[in-house]
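The values are calculated or read from the model by the stated rules, or taken from the named source; none is laboratory data. Fair warning: this is a prediction, and the values are worked out from it, not measured in the lab. Reconstructed Cβ throughout: ideal geometry from the backbone, glycine too, with neighbour counts over all protein chains shown. Remember, those area values only see protein heavy atoms, side chains included, never the ligands or the DNA or RNA. Shrake-Rupley method; radii C 1.70, N 1.55, O 1.52, S 1.80 Å.
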Amino acid sequence: MPPTQKDWTRRRFLQTAASLSALAGAQTGTVAAATTRGVSLVIDPADPIASSPEVKWAAEELSHALISHGIKVLRCDRINQANAADLCITATSAHSPIATEVLTSTKLMPPSTPEALAVATGTASGRAVLLACGFDARALVYALLDLADRVNNANDPIVALTRVTSLAEQPANEVRSITRLFTSNVEDLPWFNDRDMWPQYLTMLATQRFNRFNLAFGIGYDFIKKVTDAYFLFTYPFLLSVPGYDVHVPQLPDAERDRNLAMLKYISEQTVARGMEFHVGLWMHGYEWIDSPEANYTTVGINKQNHGPYCRDAVRMLLKECPAISGVTFRIHGESGVNEGSYEFWKTVFDGVATCGRTVKLDMHTKGMDESMTKIALDTKQPVNMSPKFWGEHMGMSYHQAEIREVERPKPGDENKTGLMKLSAGTRSFLRYGYGDLLREDRPWTVVHRIWPGTQRVLLWGDPVTAAGYSRCFSFCGSNGVEIMEPLSFKGRRGSGIAGGRCAYQDATLKPRWDWQKYEYSFRVWGRLLYNPNAEPDTWQRLLHRQFGSGASVIEAALANSSRILPIITTAHAPSAGNNTYWPELYWNQSLIDGDHPGPYGDSMPPKVFSHASPFDPQLFSLMDEFANELLGGQKSGKYSPIQVSQWIEGYAEEAQRYLKQADATASKKDSPEYRRLTIDVAIQIGLGKFFAAKFRSGVLYAIYEKTQDRSALEASLMMYHKARTAWVQVVDASKNIYMSDITIGEEPQQRGHWADRLPAIDKDIAEVSKKLEAAPAGQPKPEVKAAIQEALGHPHNILPAINHTAPQKFRAGEPLALTLMSATKYSAIHLYYRHVNQAERYQTATMEPSGDSFRATIPADYTRTAYPLEYYFDIQQDGQGSSLYPGFNDKLTNQPYFVVRQA
């Protein structure tokens with residue numbers, strides 16, 4: 001009988017403890033000589049939290065870190081057993097007598113919520129100690145791993161530990177999860193089976209305070225047509241032989257199937273041993289590949305009659321075989337291979353989770369969810385979580401979009417749709433790419449937002465400022481956190497995998513041993529700031545100081561500025577919401593002219609040309625075509641214009657370039673792969689920022705030309721298009737011979753290739769614009785056209801309104817909600833925009849009435865009679881200066897640009 005997770009953890013602990021004792025040997029050292037000073041690590045075996053298996057594991061990690069730096073470690077049960085000359089570290093529960101004594105002296109409150117911790121220097125039992133304490137085992141794991149991380153990144157670990165600043169922390173987000181996707185037999189099977197990789201990868205996640213890991217299967221295809229790589233696609237028979245069914249994969253040896261299950265058990269146990277939850281994603285329940293003669297794996301023994309019962313029994317068996325699994329992600333819309341509205345099928349499948357004998361969370365990917373499906377999930381009596389997409393299948397700015405795109409709204413007649421996608425492409429289309437109607441106050445489910453990888457999956461990301469902004473927005477209206485699809489998600493998808501190419505480097509000297517090691521800083525920034533958006537900068541800077549020495553601060557600034565570019569582009573410009581079609585990191589050029597051949601951008605608004613593509617948030621951002629009308633009409637709305645967006649990304653690109661130049665002069669280890677990988681990716685993102693900034697300007701100018709037929713507008717548009725091309729050439733040059741010529745996330749042209757491949761389409765479109773210029777008549781522009789061109793080429797200043805407003809703390813359903821703005825400035829008009837926090841609904845408007853130094857409006861009682869919170873903002877018009885939005889964005893573009901009031 002195989003050992004249980006508890007047996008395995010204890011065995012590993014005892015083996016490691018024995019080896020550590022042998023390594024530690026006799027203890028010597030003095031206080032005066034810090035480099036030879038030892039550490040006494042005190043853990044009371046009677047403390048139920050400190051003696052838990054995961055805390056014992058974390059204590060081993062700290063001991064390993066110290067010993068690897070030549071520091072002797074003595075493990076003790078009591079403080080009085082510690083060597084007098086040693087640095088004494090004691091790990092306890094938050095309310096132990098030792099923790100109380102130390103925290104009282106430092107005036108820190110004891111941690112009192114799940115995962116809350118404190119690290120403090122003080123005195124206990126008559127001697128100086130460094131205290132690590134936690135409200136629960138996971139919190140204490142974090143505290144100990146933070147000390148280990150300080151050791152691993154320090155030149156002198158003892159000095160680093162003696163300089164620890166006393167602090168108490170608690171999580172801002174209940175769930176902080178990472179998803180790793182299996183989508184390619186060629187690229188993913190090696191890491192799946194790598195028993196050397198998993199302990200280090202999972203330790204990294206735990207150190208950065210992720211508390212959940214989700215391993216996702218069956219997401220290699222959206223639709224089961226033209227399947228070539230079907231490994232793990234219909235997941236169950238790749239793991240299990242379910243009694244009572246002869247369902248199997250003929251091409252898969254039984255021994256390999258059994259190894260797969262053993263590996264999944266190993267990964268889940270390793271995850272839980274580090275204090276994290278382990279979830280598994282089962283995204284595909286279709287089993288019959290369509291038009292797929294070249295599929296490498298098929299499933300036999302399953303049919304329409306036994307489909308539901310087999311899946312029920314398989315998921316139950318999986319949960320029994322892998323007791324460390326605490327949650328299962330299900331995709332229930334048509335891309336699961338099952339027609340939407342197949343309620344009886346899913347009721348049968350969910351019964352497998354309901355009857356597995358323990359609590360297992362149902363994590364519902366929300367596209368296609370409706371009231372009936374929600375009821376089926378809730379009827380299992382298992383906890384239910386909803387995981388909507390955050391900014392579609394991309395990563396936008398650090399707030400929840402104020403409005404969804406018009407193409408995501410249900411249309412008349414959608415209620416009559418049938419077939420595979422009848423709900424998600426019909427009456428529930430508003431839930432495809434956002435939180436939809438999930439955030440009602442009386443919801444019996446939790447909500448964890450999921451960041452999809454469409455915006456950026458290859459290049460390095462790392463900006464602490466916006467990461468803190470994201471952290472704050474994932475508790476939006478009581479939301480429970482976030483799950484991030486990690487870098488390189490969907491690499492090699494749809495049979496496009498390339499052996500040895502997961503990081504996509506042609507230059508072999510840049511390849512890390514394991515793909516995730518390239519993104520260690522990204523994981524660090526995300527994890528630490530999702531836990532605490534006010535975290536001390538040392539938590540991410542210590543890694544940069546070790547890697548780059550005196551150049552750490554400018555390296556941080558260069559990467560931070562470049563990392564802001566692509567999410568802003570995504571927010572302001574969304575020719576498609578799908579990650580399979582819109583990939584701004586490796587952008588497929590959309591024409592300024594040719595709407596008859598939109599390429600992959602089928603879900604763009606007609607005419608399907610660049611200047612008419614919707615923003616992801618059309619409530620707060622204007623289309624290029626829309627803004628051209630405003631310029632020509634002489635009355636600008638308060639929306640953020642493509643020209644303002646251009647200024648933002650130009651500014652970030654220029655700052656990144658400035659800091660990159662400084663890094664070249666100050667950083668150490670410039671020949672290291674870490675430095676080269678980072679600086680190359682920053683240079684590419686700088687070029688992308690310059691490209692999109694210039695093309696946004698070109699798009700506005702071309703829209704002006706279309707409306708006026710003015711030659712000078714077309715000349716200016718062409719000039720900016722050439723500038724964009726120059727920037728794209730810089731991207732090509734920065735990536736040439738660095739990245740593979742075929743970076744693959746799928747088999748379609750827009751899903752693979754290299755930046756150099758995109759130049760011909762850019763050149764073709766420029767040539768088409770040039771032809772129009774040849775035919776355009778000469779002449780002087782009208783004054784309004786000349787002014788519009790100047791603004792599209794310029795740097796207009798956004799005037800912030802001089803307004804004060806305090807949002808109400810709460811509102812009561814069925815009672816009017818009065819709102820007041822205070823301002824000594826006289827404005828021509830102020831309009832209130834408000835709606836329920838329900839993306840299925842549209843905004844309501846009201847005119848604010850002036851009264852002395854105030855403006856007042858009321859959201860009526862009928863509108864507050866709702867199950868949803870309220871959100872609102874103001875459009876403030878000033879004569880001769882257009883409009884501004886309030887509260888709008890702060891100078892770092894990291895805040896929520898509207899107010900939210902929840903029900904009392």
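Taking amide H as placed 1.01 Å from N in the peptide plane, the amide H of Ser166 sits under 5 Å from that of Thr121, each at least 5 places away or on another chain. Residues whose amide H comes within less than 5 Å of that of Cys76, counting only those at least five positions distant or on another chain, are Leu41, Val42, Ile43 (H built at 1.01 Å from N in the peptide plane). Computed with a 1.4 Å probe over protein heavy atoms only, the accessible surface of region 248-400 comes to 33 Å² per residue. If the segment from Thr820 to Arg902 were pulled out straight at 0.36 nm per residue, it would be longer than the present Cα-Cα gap by 27.8 nm.
Report relative contact order for region 167-269 in percent, whole number only (criteria: Cα-Cα under 8 Å, sequence separation at least 6). Reported relative contact order: 27 percent. The mean sequence separation of alpha-carbon pairs under 8 Å and at least six residues apart, normalised by the residue count of the chain, gives a relative contact order of 9 percent.
Calculated FRET efficiency, Arg513 and Gln305, Cβ-Cβ r, R0 56 Å, to nearest 0.05? The computed FRET efficiency comes out at 0.70.
So for region 291-376, averaging the separation of alpha carbon pairs under 8 Å that are six or more residues apart and normalising by length, what relative contact order in percent results?
Contact order relative to length: 37 percent.
Sorting 563-573, 859-869 by average packing, meaning the other beta carbons within 10 Å per residue, from highest down gives 563-573, 859-869. Using a Cα distance threshold of under 24 Å, what count of lysine pairs results for region 746-832 when pairs must be 8 or more residues apart or interchain? Lysine pairs meeting the criterion: 5.
Within straight-line reach of Lys411, meaning a Cα separation under 16 Å, sit the following aspartates and glutamates at least 8 residues removed in sequence or on another chain: Asp603, Glu841.
Backbone phi angles across region 220-236, fed through the Karplus curve with coefficients 6.51, -1.76 and 1.60 (θ = phi - 60°), yield HN-Hα couplings of x, 9, 7, 10, 8, 10, 6, 6, 10, 10, 10, 5, 6, 5, 8, 6, 3 Hz in residue order; Gly and Pro are listed as x. Note on region 643-690 and region 553-574: Cα centroid distance 10 Å, given to the nearest whole angstrom. 3J(HN,Hα) along region 440-446: 5, 5, 9, 5, x, 10, 8 Hz, from the Karplus curve 6.51 cos²θ - 1.76 cosθ + 1.60 with θ = phi - 60°, whole Hz, x for Gly and Pro. A simple packing score, the average count of other Cβ atoms within 10 Å per residue, orders the peptides 708-717, 471-480, 396-405, 687-696 as 687-696, 396-405, 708-717, 471-480, with the highest score first. Here the extension length gained between Val732 and His95 equals 223.5 nm, from 0.36 nm per residue of separation less the Cα-Cα distance. Once Cα extents along the principal axes in Å is calculated for the structure shown, the corresponding label among [x] 108, 76, 60; [y] 91, 68, 64; [z] 76, 67, 61 turns out to be [y].
Stokes-Einstein D for region 210-304 at 10 °C, 1.306 mPa s, Kirkwood Rh over Cα pairs, in µm²/s? The estimated diffusion coefficient comes to 110 µm²/s.
For labels at Lys810 and Asp763 in the simple 7 Å Cα→Cβ model, what's the distance in nm? The two pseudo-label positions are separated by 6.6 nm. Using the 1.4 Å probe convention, the accessible area of region 77-166 works out to 38 Å² per residue with neighbouring protein chains retained.
Quotient of the Cα radius of gyration of region 616-675 and 2.2 N^0.38 Å, N being its number of residues: 1.80. Annotation: peptides 881-892, 758-769, ranked by per-residue average of other Cβ atoms within 10 Å with the highest first, follow the order 881-892, 758-769.
Accessible area per residue, 1.4 Å probe, Å², for region 419-477: what's the number?
For region 419-477, the per-residue accessible area is 22 Å².
As a fraction of the 1.4 Å probe accessible area of the chain, surface on carbon and sulfur atoms comes out at 51 percent.
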